[in-house]
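One structure is given below, encoded as structure tokens.
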Amino acid sequence: MFEAKFEDGGLFKKIVEAIKELVKNVNLEANGTGISLQAMDTSHVALVALQLNEKGFKKYRCEKSLTMGLSIENLQKILKCSGNDDQITLRTQDEEPTTLSFTFESKNRISEFQLNLMSLDQEQLGVPDTEYSSVVRMPSNEFTKICRELGNINEAIGIETSKEGIKFYVKGDIGEGQVSVKINDTEKPEERVECEVDEPVNLSFAVRYFNLFNKASALSSQVILSMSQDQPLVIEYIIEEMGSLKLYLAPKIND
Amino acid sequence: GLQQTKINKYFSQI
């Protein structure tokens, strides 16, 4: 028996909105500690990892670990039948569920849906706990804007960290540009820019993955970029009181 | 030029 109730159903909708362009079919894992999801994008360049802790739910029960294979596209079709202010409950009865039930509750209506599940034998990747040599915390809408603007100039974006801060740069056919974000310790947390640079990095990435993933900015006013030289970068959106949504993106390297 | 690497080059399959 599994039951998880989102107090803020809009949050769940934003999470699905953020990953729907990146991953197609995913295994939703539920166990005593909460819900998790890990899936690579179709080109195996990025890995999406979601972790939601049971304490963040209005109601949470999971007697036995469950794996529920679902199509993100079909999940979205069901979620489109819910309002952003609805409370959303996920539920299954049996141990090997073939469907996942949804209840959408608002003050004037209650809806019930069932999503057919599928069995996906997806390779799970072990993400080692890494000490990143550069960790940058900045406003998520600022990061989104920089990626969108520089992404118009070139499909590869460079990220260089130093004690002074973080610099985004592009060199394209039409020309080049760079944006250096200044560190500021304003007391307003959503505007703060913090850099912990033990070792500077200089990495290149396909900016289209950032632009796809940055829909997750709706989840958090801050984004955390963790980097080490020649390692995948991690973009992390903290989901208040619940957990986090991460994108691991493999770098582009000089051949 | 820049070669895109794959994520499963860095993370082992479990």
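Coordinate-derived values only; no laboratory data. Since the model is a prediction, treat every value here as computed from it, not as a measurement. Ideal geometry is used to build each Cβ from the backbone, glycine not excepted, and the neighbour counts take in all protein chains shown.
In what sequence do A:Ile224, A:Ile253 fall when counting other Cβ within 10 Å, fewest first?
Listed from fewest to most nearby Cβ atoms, that is A:Ile253, A:Ile224.
Rounded to the nearest 20 debye, what is the charge dipole size of the protein assembly as shown about its Cα centre when +1 sits on each Lys and Arg Cβ and -1 on each Asp and Glu Cβ?
Numbers: 30 positive and 41 negative charges, 139 e Å.
Roughly 660 debye, rounded to the nearest 20.
In the structure shown, do any of A:Lys77/A:Lys107; A:Lys24/A:Lys145; A:Lys5/A:Lys163; A:Lys13/B:Lys6; A:Lys20/A:Lys167; A:Lys182/A:Lys215 have a Cα-Cα gap over 32 Å, and if so which? Intermediate results must be reported in sequence, preceding the final value.
Values: A:Lys77/A:Lys107 22 Å; A:Lys24/A:Lys145 26 Å; A:Lys5/A:Lys163 44 Å; A:Lys13/B:Lys6 29 Å; A:Lys20/A:Lys167 29 Å; A:Lys182/A:Lys215 24 Å.
Too far apart for the 32 Å limit: A:Lys5/A:Lys163.
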>> Can you list residues from other chains, or at least 5 along the same chain, whose modelled amide H is less than 5 Å from the amide H of A:Gly34?
In response: A:Glu54
> In the Gaussian network model of chain A, springs joining C-alpha atoms below 10 Å, which of A:Ile110, A:Ile157, A:Ile88 carries the largest mean-square fluctuation?
Replying inline: A:Ile110
> Can you give the helix-only mean residue ellipticity at 222 nm for chain A, where every DSSP H stretch with n ≥ 4 adds -39500 (n - 2.57) and the sum goes over all residues, rounded to the nearest 500 deg cm²/dmol?
Replying inline: -4500 deg cm²/dmol
> Say each of A:Glu199 and A:Ser101 gets a label point 7 Å from the Cα, pointing the same way as Cα to Cβ; how far apart are those two points in nm?
Replying inline: 5.2 nm
> Can you give the FRET efficiency for B:Ser12 and A:Asn108, using 1/(1 + (r/R0)^6), R0 = 41 Å, r = Cβ-Cβ distance, to the nearest 0.05?
Replying inline: 0.20
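For A:Asn74 and A:Asn141, what is the calculated FRET efficiency with R₀ set at 35 Å and r taken between the beta-carbons, to the nearest 0.05?
Values: r = 30 Å, r/R0 = 0.86.
Computed FRET efficiency for A:Asn74 and A:Asn141 comes out at 0.70.
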>> Multiplying the sequence separation of A:Lys64 and A:Ile183 by 0.36 nm and subtracting their Cα-Cα distance, what value in nm do you get?
In response: 38.2 nm
>> Can you compute 3J(HN,Hα) from phi for each residue in the range A:23-35, using the Karplus curve 6.51 cos²θ - 1.76 cosθ + 1.60 with θ = phi - 60°, rounded to whole Hz and x for Gly and Pro?
In response: 10, 9, 10, 9, 9, 8, 9, 10, 8, x, 8, x, 10
> Given the C-alpha centroids of the range A:1-76 and the range A:124-171, what is the distance between them in whole angstrom?
Replying inline: 25 Å
> What residue among A:Glu241, A:Glu73, A:Glu194 has the largest mean-square fluctuation in a Gaussian network model of chain A, using Cα springs under 10 Å?
Replying inline: A:Glu241
